[in-house]
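Input: a single structure, listed below in C-alpha cells.
The values are calculated or read from the model by the stated rules, or taken from the named source; none is laboratory data. Just so you know, these numbers come straight off a predicted model, no measurement behind them. Here the Cβ is made from the backbone with ideal geometry for all residues, glycine too, and neighbour counts use every protein chain on show. Accessible surface areas use protein heavy atoms only, side chains included; no ligands, DNA or RNA. Shrake-Rupley method; radii C 1.70, N 1.55, O 1.52, S 1.80 Å.
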Amino acid sequence: MTETGTGSQAWSGTGSEPRASAGPVAPETRPAGPEAGRGGAEAEPTGSGSDDRTPPKDDGTPPKDDRTAPKDDATPARTAPATTTAAAAAAKKAGGSDRNQSSSLRRALAVLGHVRDHGNGRGVPLAQLSEALGLNKSTVLRLTGPLLDEHLLDRDRETGWFRLGHGSLRLGQAYLSTLDLRSVAAEHLRRLQREAGETVHLTVWQAPGIVYLDKVEDETNVRMASRVGSRAPAYCTATGKAILAWLPDEAVTEVVAAGLRPVTAWTISDETHLRADLARIRARGYSIDDRENEPEVRCVAAPIFDHTGEVTAALSVSGLTSRMTAARVRSLGPVVAQVGLRISRELGSDRQTG
C-alpha cells in the first residue's frame, strides 16, 4: 500500500553600616566609672573639654571587645540587620539563587556542546572555548571542572586541549539502549494523523523493499490495505523511495536488479527514471507516490535518520486521490519532512535537513 502524507502547518532594608569613629582608635574598652553600665558607649567628656576617654581600670581584666550590639545606644550592631536577612530570603524564594545556578549549568553545557561540535577528534583549546563562548579563561576552567570530574570531558596532558570523555560515551549508550523506533515515533505519528486526517505509516528498510512497522488511521475514512508486518516494494512506494534516496548507490542497484515490475499505469519501471526521481527527492527532502502502488492512492513520505546519520526508516501520509490532490501533497511534503527530522533528532541524529 502506498502512503500519502498530509499534515498541518509547522509542528507546528538593608540596615545602615555601623557608625564609624572619628579617627583611628585603639580597640575600645569599657569606660570606668558610672558610664561602664552603657555597654561600650562613649564616656561623657570631662569638664576640661578634653576628648580623652576615661582610662579603664587597671584591675588585670582584659578589655572587653565592643563589637556586640549595644543595649542602649543607637549605633546598630555589626551583624546583618533583620531587613537584610528578610531580603535575602525573599530573593532566594523568588528563585534568584536557582537562576544563578541555572546560568552556570547552561554555560557548562555550552562548553560541552562546543567541544562536541568542534572537537574533530583532536579537541578544542582553552583560548578557542573562551573566544567562542565569550567567557574568561578562568570562567571556562571553572565550568569544566565538574565535567572533567564526571569524565564528560577529558583534557590532553600535553596540549591542554579539551575533548569528549568516556562519560559522554556511557551517557550516549545509556540513551540509545532505551530507544525503540516505534515508541519514539508513536506520538509524532498520532499527532500527524490527527492534523492530516489521513492514514500515517512508519516503515523500515529491508532490502530490496520496506516493511510496515506501524500504522495510524482514522476509522471514519476508507481503510488502507497495508498491514503492520507486511512488505512492499521500495521503488513504487513513498516510504520506500524516501529511504532509497539516501541509501548508497549499491542499494539502488540491488533494487533495480530485483526488478521494476509495473504495479499500476503510473509505476516508474525503468532505472533511468527511478534514479532521476530519487535525485528530485533528495533535493526537496520528501518523496511522492503518485498512484504508483495503488491507482486511487497518493502518498508523501520523508526519511528518518539514526544517531549515525544513516537513513533507517521513513514515515508517510496516505489518502485517496479525491482528498490527496497533487497540490495538497506538495503543500504537505515539507510538513512531513519536518516530522521525520524531529523523530530523527530523538534517535540521536544531528541532521538539520533531509
- request: Select from the stretch 232-258 the residues that are farther than 19 Å from Arg298 by Cα and open to solvent by less than 30 Å² (accessible area, probe 1.4 Å) and list them in ascending order.
  value: Ala251, Val252, Val255
- prompt: Can you pull out the residues in the stretch 140-190 that are outside any helix (DSSP H, G or I) and closer than 28 Å to Arg342 by Cα?
  reply: Leu152, Leu153, Arg163, Leu164, Gly165, Thr178, Leu179, Asp180
task: Might you check whether a residue that is at pLDDT 95 or above and hydroxyl-bearing (Ser, Thr, Tyr) occurs anywhere in the stretch 236-245?
output: yes
- request: Those residues that are closer than 22 Å to Ala225 by Cβ and open to solvent by 20 Å² or more (accessible area, probe 1.4 Å), I need them from the stretch 265-292; list them, please.
  value: Ala265, Trp266, Ile268, Ser269, Ile288, Asp290, Arg291
- prompt: Regarding Leu133, is this residue open to solvent by 40 Å² or more (accessible area, probe 1.4 Å), under 22 Å from Thr312 (Cβ atoms) and touching a helix residue (DSSP H, G or I) at 6+ places or on another chain (Cβ under 9 Å)?
  reply: no
message: All but one of (1) farther than 17 Å from Gly197 by Cα; (2) among the small types (Gly, Ala, Ser); (3) touching an Asp or Glu at 6+ places or on another chain (Cβ under 8 Å) hold for Ser316; state the number of the condition that does not hold.
response: (1)
message: What are the pairs with Cβ atoms under 6 angstrom where one residue, in the stretch 329-351, is over 26 Å from Gly113 (Cα atoms) and the other, located anywhere, is open to solvent by less than 10 Å² (accessible area, probe 1.4 Å) and modelled with pLDDT under 95? Sequence gap at least six, or different chains.
response: Leu332/Gly5; Leu332/Thr6; Val336/Gly5
task: Identify the residue in the stretch 149-203 that is among the hydroxyl-bearing types (Ser, Thr, Tyr) and surrounded by 15 or more Cβ atoms within 10 Å (Cβ to Cβ) and, among all such residues, is farthest from the chain's Cα centre (by Cα).
output: Thr199
- request: Considering each of Val339, Val317, Val335, Val300 in turn, give the residue that is assigned to a helix (DSSP H, G or I), among the hydrophobic types (A, V, I, L, M, F, W, C) and in contact with a strand residue (DSSP E or B) (Cβ under 8 Å, 6 or more places away or on another chain).
  value: Val339
message: List the strands (runs of 3 or more DSSP E) inside the stretch 207-293, counting only whole elements, that have at least 3 residues being in contact with a Gly (Cβ under 7 Å, 6 or more places away or on another chain).
response: 209-216, 231-233
- request: Please work out which residue is modelled with the highest pLDDT, limiting yourself to the stretch 288-320 and to residues that are of a type in the set (S, T, N, Q) and touching a helix residue (DSSP H, G or I) at 6+ places or on another chain (Cβ under 9 Å).
  value: Ser316
